[in-house]
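A short write-up of the structure that comes next.
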Amino acid sequence: MTYAWTLAALWLGLALLATLFALWFRVSTALTEIIVGTLAQLILGSLFGTDVLGGNESWIKFLAGAGAIVLTFWPARSSIRWCFGATGRKRRRSV
């Protein structure tokens, strides 16, 4: 169980580091998350082995899959919300 908490703390620390870099360099958070994740795998993988970030853990695969599904359908949700508004009725466009 300690391994799971250590791994979760490592992932959250990397996410925090990526967010701070994004704020500091004023670039996209997604871009810095990709860069920090790639560099972390490169550095930690070369020092401690290829599975140091736990990419084959079942709970990490689940969270990655759930995040991919949410991010895939999130834009459709916001466009439906813009079209119908909070009440669910079709908005009228003024001419």
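The values are calculated or read from the model by the stated rules, or taken from the named source; none is laboratory data. Predicted, not measured: the structure shown is a model, and the values here were computed from it. Because the Cβ atoms are built from the backbone with ideal geometry, glycine has one as well, and the counts that use them run over all protein chains shown.
Here are a few things to note about the model shown:
- Residue-level check: of (1) loosely packed, with under 11 Cβ neighbours inside 10 Å; (2) modelled with pLDDT under 90, Ala4 misses just (1).
- Taking the criterion of being surrounded by fewer than 15 Cβ atoms within 10 Å (Cβ to Cβ), more than 25 Å from Ser58 (Cα to Cα) and under 14 Å from the mean Cα position of the chain (by Cα), the residues of region 7-35 that qualify are Thr19, Ser28, Thr29, Leu31.
- Total residues in region 38-62, condition in a helix (DSSP H, G or I) and either out of contact with any Phe, Trp or Tyr (no Cβ under 9 Å at 6 or more places or on another chain) or acidic (Asp, Glu) (or both): 15
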